[in-house]
Amino acid sequence: MGVTYTGMYEPVKEISAALDAIQAETGLDVPIHVDGASGGMIAPFLQPDLEWDFRVPRVASINTSGHKYGLTYPGLGWIVWRDADAMPEELVFRVSYLGGDMPTLALNFSRPGSQVLLQYYLFLRLGHEGYTAVQGASRDVARYLASQIGALAQFELWKDGSDIPVFAWRLSDAASGNWTLYHLSDRLRTRGWLVPAYPMPQDMTDLVVQRIVVRNGFSRDLADAFLHDLREQVDYLERLEAAMPLEAPEGGFHH
Ligand SMILES: *Cc1c(COP(=O)(O)O)cnc(C)c1O
């Protein structure tokens with residue numbers, strides 16, 4: 001729920017229906033784990049009617065990143081299982097501790113608890129209404145940016161930021177051909193904007209996209225400042241009379 005490359009949701013309910021058909025035909029019962037790293041903290045507030053979670057019976061577990069749209073600082077992730085049966089027993093360590101049997105589920109050893117505290121604080125402080133307001137503001141800025149970037153002849157939008165507040169675009173045929181999104185990324189970096197350009201995954205690596213992630217604090221004013229710099233850099237690149245030299249591209253994302 002929130003594909004790294006494009007910010008789009010995958011159709012969990014439709015995938016589940018396809019698995020129903022497979023089960024009817026073959027007897028195989030395939031559960032679903034939803035990677036809600038970003039969307040797990042967006043969809044409940046911005047698309048409450050979209051069924052992707054435990055409302056879909058096949059969904060057995062969901063993860064989400066507290067440090068993304070959970071709004072905490074880096075290093076906090078969550079996973080929830082539908083019920084104890086869905087949780088792999090191998091993940092639970094039973095420790096004999098001070099005379100008692102203490103089952104513990106942990107993927108790490110000692111860690112600070114401050115991140116959990118911050119998440120708890122934010123849940124109490126913002127509540128459902130507060131999260132809806134914060135995520136809604138990010139979505140509005142993302143959609144504004146996407147509409148402005150999509151309006152430039154040199155770009156073609158991949159998606160408009162209406163799933164998670166993340167969107168990506170590619171170069172269109174109208175661009176001069178003397179520059180790439182890697183060059184634009186470099187030029188923007190000199191203005192302090194980190195806007196990655198990267199190849200799409202396996203079997204689509206010829207296609208390069210550029211992506212913006214809008215989070216809490218990226219205001220409409222900042223968006224306008226960014227658009228000003230973006231247009232300036234695109235104008236510069238379009239005025240080139242010969243092609244910019246190319247660097248070897250960096251690798252894509254891996255999770
Ligand atoms: C960020 C992300 C991850 C990794 O989550 P972390 O909590 O940062 O480790 C996995 N999948 C997707 C789709 C992501 O966006």
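Values quoted throughout were computed directly from the atomic coordinates according to the rules given, and no laboratory measurement underlies them. Being a predicted model, the structure only gives us computed values, none of them experimental. Cβ coordinates were reconstructed from backbone atoms using ideal geometry, including for glycine residues, and neighbour counts include every protein chain displayed.
Find the Rg to Rh ratio for segment 128-238, where Rh is the Kirkwood radius over alpha-carbon pairs and Rg uses the same atoms.
Rg divided by Rh gives 0.98.
Could you tell me which chymotrypsin sites (Phe, Trp or Tyr not before Pro) in segment 30-116 are loop residues by DSSP with no more than 13 other beta carbons within 10 angstrom of their beta carbon?
When the chymotrypsin sites (Phe, Trp or Tyr not before Pro) of segment 30-116 are filtered for loop state and at most 13 Cβ neighbours within 10 Å, PHE109 remain.
Using DSSP to call loops (not H, G, I, E or B), can you name the trypsin sites (Lys or Arg not before Pro) in segment 9-113 whose Cβ has at most 12 other Cβ atoms within 10 angstrom?
Here the sparse-neighbourhood loop sites are ARG55.
State, as an integer percentage, the relative contact order of segment 59-186 based on alpha-carbon contacts under 8 Å between residues 6 or more apart.
So the answer I get is 13 percent.
Looking at the square roots a ≥ b ≥ c of the eigenvalues of the Cα gyration tensor of segment 153-198, which shape do they give, rounded for a/c under 1.5, prolate if a/b is larger than b/c, or oblate?
Cα axes put segment 153-198 in the oblate bin.
Cα convex hull of the chain: mean projected area in nm², to one decimal?
In nm², the orientation-averaged hull projection of the chain is 18.1.
Length gain on complete extension for the stretch LEU194 to SER176, per 0.36 nm per residue less the alpha carbon to alpha carbon distance?
Full-extension gain reported as 4.2 nm.
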